[in-house]
Amino acid sequence: MEYYDEGKRGKIYLDKGYAIKKADKIRIKNEVYWLKLLNKYKIGPRLIKYRDNYFKYKFIKGEFIVEFIKDNNKNKIRKVLLNVLKQCRIMDKLKMNKKEMHNPIKHIIINKKVNMIDFERAYKTDKPKNVTQFSQFILSNNLKKLLIKKGFKINKEKMIKKLIKYKHEQNEENFKEILKFI
């Protein structure tokens, strides 16, 4: 087992194609709870095993989302953004909030598929914000400029109106209106 990386609340080690995340019991318990649920929807790294102060999951190699956007064409980027939004919609329907979706620079890894990681701060809520927060990330100045360079034409004002509508009534119809902007 070798040291790989460290976040604010835990350390990651690698072991033969698997990652082991070590942190305090409360954070591990929370992240394992969400991974068990989200894995049913093919969201998050595949949970292998867990104990009180660690869990083991399939290590995900790939590019972080911003690098992926820089390195790829409009069609591939569109597929990834739509996939992330659909995963966010599932999380919204599950009444969970991931928390970092407004700035998921290190929380979305793309290889053959789109992988979200790091659910330790996720929580249950009646007003989840995954779709709206990820949309804010898309509309943020730096990412919006990069998307425009890649050929996207995103009308910020119109998209914000649709996001407000979705925020107040999180249904499929309002969600599909947001997808039209991508």
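The values are calculated or read from the model by the stated rules, or taken from the named source; none is laboratory data. Not measured: the values here are computed from a predicted model. Quick reminder, even Gly has a Cβ in these numbers, built from the backbone with ideal geometry, and neighbours come from all protein chains shown.
Here are some notes:
- When the residues of segment 82-99 are filtered to those that are within 20 Å of PHE119 (Cβ to Cβ) and of a type in the set (A, V, I, L, M, F, W, C), the one that is surrounded by the most Cβ atoms within 10 Å (Cβ to Cβ) is MET91.
- Residues in segment 50-73 that are over 17 Å from the mean Cα position of the chain (by Cα), loosely packed, with under 13 Cβ neighbours inside 10 Å and modelled with pLDDT under 95: ARG51, ASP52.
- Of the residues making up segment 120-135, one or more are at pLDDT 95 or above, loosely packed, with under 15 Cβ neighbours inside 10 Å and of a type in the set (Asp, Glu).
- Scanning segment 1-41 for residues being loosely packed, with under 12 Cβ neighbours inside 10 Å and closer than 22 Å to PRO104 by Cβ gives a total of 3.
- Helices (runs of 4 or more DSSP H) lying entirely in segment 74-156 (those with 2 or more residues that are among the charged types (D, E, K, R)): 74-93, 141-149
- Checking LYS49 against (1) without any contact (Cβ under 8 Å) to a residue 12 or more places away in the chain; (2) assigned by TED's automatic domain parsing to the domain that holds LYS124, the condition it does not meet: (2)
- Members of segment 42-53 that are more than 18 Å from HIS107 (Cα to Cα) and assigned to a strand (DSSP E or B): ILE48, LYS49, TYR50, ARG51
- The single residue among ASN39, ASN30 that is among the polar types (S, T, N, Q), within 18 Å of MET116 (Cβ to Cβ) and in contact (Cβ under 8 Å) with a residue 40 or more places away in the chain turns out to be ASN30.
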